[in-house]
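Visitor: Just passing along the structure, written as structure tokens.
None of the figures in this text is laboratory data; all of them are computed from the coordinates on show. Model, not experiment: these values are computed from the prediction. In this analysis, Cβ positions are derived from the backbone assuming ideal geometry, glycine residues included, and neighbour counts consider all displayed protein chains.
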Amino acid sequence: KAGVTQTPRYLIKTRGQQVTLSCSPISGHRSVSWYQQTPGQGLQFLFEYFSETQRNKGNFPGRFSGRQFSNSRSEMNVSTLELGDSALYLCASSLAPGAVGEQYFGPGTRLTVT
Amino acid sequence: DAKTTQPNSMESNEEEPVHLPCNHSTISGTDYIHWYRQLPSQGPEYVIHGLTSNVNNRMASLAIAEDRKSSTLILHRATLRDAAVYYCILSRSGAGSYQLTFGKGTKLSVIP
């Protein structure tokens, strides 16, 4: 079956703009998590969605937000972009939240803020 | 959050076994131990997970110390495709949700 897909794969934005990233989970997976990866901080958890509800949130400012649709697809939005937001944004899907085991990651969206 | 400690890097010869260590001395009784790996320019890939007993799957084996304060990921025969950053992660499930807290990982180089 198809894996996790993320669009776009690459994005360049300027400071102050906002951006929306999209994630389509594996068919049948209802939980989607988002992570930010930077060389300095490594992989950091942003938030997790299940049944269109945010179930868990990492330690990121309110500029980072997300949502999930009824078909389990998820979007994350970053408003008022800062240079430090340049990162690889990864989403991961799993069958359900709290289901220990495999999370399947997408290839990521590389965001560059200039 | 419980933390994990891994060596920054390791090297292995191709077709030899690799033992990747991880210390997690503050692990709690309900924390699962996960291993993921990330190949260059890709998202992390699930390798294996366990709670108390040793685990085997087609990719690797996970050996968990009796006191659960450390674990070892075993790749039985390293190939060039196994060159990646390996992350040892503890996950704590609660309130119907859990998150993976990634550390710095171990960069494994495989020498032909």
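Visitor: Please work out if A:PHE105 is more than 9 Å from every other protein chain (Cβ to nearest Cβ) and among the aromatic types (Phe, Trp, Tyr).
Guide: Considered against the rule, which asks whether it is more than 9 Å from every other protein chain (Cβ to nearest Cβ) and among the aromatic types (Phe, Trp, Tyr), A:PHE105 comes out as no.
Visitor: Another question about this same structure. Of the residues in the range B:6-21, how many are part of a loop (DSSP other than H, G, I, E, B) and either farther than 15 Å from B:GLY103 by Cα or without any contact (Cβ under 8 Å) to a residue 24 or more places away in the chain (or both)?
Guide: 4
Visitor: If you don't mind, another one. Of everything in the range A:72-85 that's part of a loop (DSSP other than H, G, I, E, B) and either under 14 Å from A:SER31 (Cβ atoms) or of a type outside the set (Asp, Glu) (or both), which residue is nearest to the other protein chains (Cβ to nearest Cβ)?
Guide: A:SER72
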